[in-house]
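The values are calculated or read from the model by the stated rules, or taken from the named source; none is laboratory data. Remember, predicted model here, so these are calculated numbers, not experimental data. In this analysis, Cβ positions are derived from the backbone assuming ideal geometry, glycine residues included, and neighbour counts consider all displayed protein chains. Please note that ligands, DNA and RNA were not included when accessible areas were found on the heavy atoms of the full protein model with its side chains. Shrake-Rupley method; radii C 1.70, N 1.55, O 1.52, S 1.80 Å.
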Amino acid sequence: MVYVARWRVILVLFVCLLGAWFSIPNFFNKSDVKAWPSFLYNEQVNLGLDLQGGSSILLEVDLKNVIKDYLASTIDEIRRSLRKEKIGYVNLGNNNKEIYFTLRNIDDQSNVKKLLKKLMGQDVVLDINENGSVKAQVSDDTRKERVRMAISQSIEIVRRRIDEMGTKEPSIQQQGEDRILVQLPGVDNPGQVKSLLGKTAKLAFRLVHPDNRNSSVKSRIPLGAELVPSDEKGRGAKGHYLIQKRVDVSGEMLVDAQPTFDQNGQPAVSFSLDAKGARRFADVTRKNIGRPFAIILDNKVISAPVIQSEIPGGNGIITGNFSTAEARDLSILLRAGALPAPLNVLEERTVGPDLGADSIEAGKMATIVAIIAVLVFMILFYGPVFGMAANAALVMNLVLLFACLSLVGATLTLPGIAGIALTLGMAVDANVLIYERIKEEIALGQAPMSAISIGYARAMATIVDSNVTTLIGAALLYQFGTGAVKGFAVTLSIGILISMFTAISLTRVIILWWMKIKGSTSELPLIK
């Protein structure tokens, strides 16, 4: 009597049923699946831009502002350090290329060199004249490193902002030296995306200067203050605020921001600060009760409420006559962080769904034809029992593949469909190796059960070798490829791992189960 291990049968059936459960939603319309009860699994495979259409946006990072902002922030550090070291100076400033100032005492040259190299790097280009004038220029290596960091940071922040919108599987990648390509499957109206990506979202809390109400003072701006345009809504024509240059609390100290409503029921944005920001926020509000505290976003005052009392805990609310959508978008921007440089939209394209529908139909037709051809081939060459066992494994391979793609949230593209077709061919190839090995054992005079056992065991090494080498290639494609190439690598890798299970375990259980039903081990229904 043929013995089929119970645990093996249970494991194979469990995996197959689980795969069928997770793959079922992919065979129904998306609208119908979303209407299913909550206890039913309703996630489908995400389709890429080439299959379902969407939007493609090409952005350019304004790198001129990267060095400009770096020099501006470095000036503040130099000013504090010079005062701390009690080094006299005058006319500290920058021209977007270099930082310059004049020493009051020429004997401070050596100390200034050490200080500037500490703040701007050992490779800073210094020019100190005998009259005490100092010029510090950013080196080429530092400039390149700042640009590289700005691009990387911009890509990460763009990704965060888009993820906050709920867009599934966007493709975000660098193109050239200063460009970022953003592809959004299923997004037909990229207006909101452009609005979110176009804002730098640099947030700062700064005190309004005491002379703000004196209009005559604004013609001669006091030392340590600057005019900042107002973007307050619902308060008449836009004007300017006289704001102190010192940043009391910066956006880098923000840890969370959520849309909410103020005490009047108007949309607002609640925020919370980290420990350092909370201490500074409490200190500023305690010492400046009765003074306006400006909330500045992208160098525009969006609100300037008067401090009524100390605000401890680092929690507060930003108001500004927002709409509900504006409050939501602002909270997304603040949570994602500020861009290191502005982004300019160079190109915007909308890919229509017709191209995707044609591609999907062509992919379906190619897959169906390939499966039918393989099914017929296996039955003709290996008989109804062994052929149907391989065919059942092939169908289950496809079912499990879609289940895995749904679970991991992978995106299916045209190259991904090519990866599926290749996987199906490799799955059958494993069964061919096993069956041919069984034929050889039968020809050598082995009993049927012994031939099956030896055939599966000895074909295993060849199957593992071929699949491992293919997996290595797929891993390299995923590591060094981009976009659609990664999609091909993902479907190929998952398909190979699944084919190892279906070709080795599933077919063996089916064949042994058939022999148990027949109650005979004297012959095999395998075409020789």
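If the condition is being among the polar types (S, T, N, Q) and in a helix (DSSP H, G or I), then region 314-350 contributes T324, S331.
Pairing residues of region 383-410 that are more than 27 Å from K486 (Cβ to Cβ) and at pLDDT below 85 with residues that are part of a helix (DSSP H, G or I) and open to solvent by 10 Å² or more (accessible area, probe 1.4 Å), at Cβ distances under 8 Å and at least 6 apart in sequence or on separate chains, gives V385/W514.
Would you check which residues across region 440-478 are part of a helix (DSSP H, G or I) and either in contact (Cβ under 8 Å) with a residue 60 or more places away in the chain or basic (K, R) (or both) and list them? Matches in region 440-478: I442, A443, P448, M449, A451, I452, R458. Put simply, of D141, D107 the only residue that is part of a helix (DSSP H, G or I) and more than 17 Å from T74 (Cβ to Cβ) is D107. Among residues that are free of Cβ contacts under 8 Å to residues at least 24 places away in the same chain and among the small types (G, A, S), G481 is included.
Answer with yes or no whether G121 is in contact with an Asp or Glu (Cβ under 9 Å, 6 or more places away or on another chain), over 25 Å from R179 (Cβ atoms) and modelled with pLDDT under 85. Here the answer is yes, as G121 does meet what is asked. Could you tell me whether P312 is in contact with a helix residue (DSSP H, G or I) (Cβ under 7 Å, 6 or more places away or on another chain), under 21 Å from D256 (Cβ atoms) and open to solvent by 10 Å² or more (accessible area, probe 1.4 Å)? It is true that P312 is in contact with a helix residue (DSSP H, G or I) (Cβ under 7 Å, 6 or more places away or on another chain), under 21 Å from D256 (Cβ atoms) and open to solvent by 10 Å² or more (accessible area, probe 1.4 Å). Any residue at all in region 372-392 that is open to solvent by 10 Å² or more (accessible area, probe 1.4 Å), within 30 Å of G186 (Cβ to Cβ) and in a helix (DSSP H, G or I)? Checked against the condition, which is being open to solvent by 10 Å² or more (accessible area, probe 1.4 Å), within 30 Å of G186 (Cβ to Cβ) and in a helix (DSSP H, G or I), region 372-392 yields no hits at all. I want to confirm something. Restricting to region 111-131 and keeping residues that are open to solvent by 70 Å² or more (accessible area, probe 1.4 Å) and in a helix (DSSP H, G or I), which single residue is farthest from T142 (Cα to Cα)? My answer is N111.
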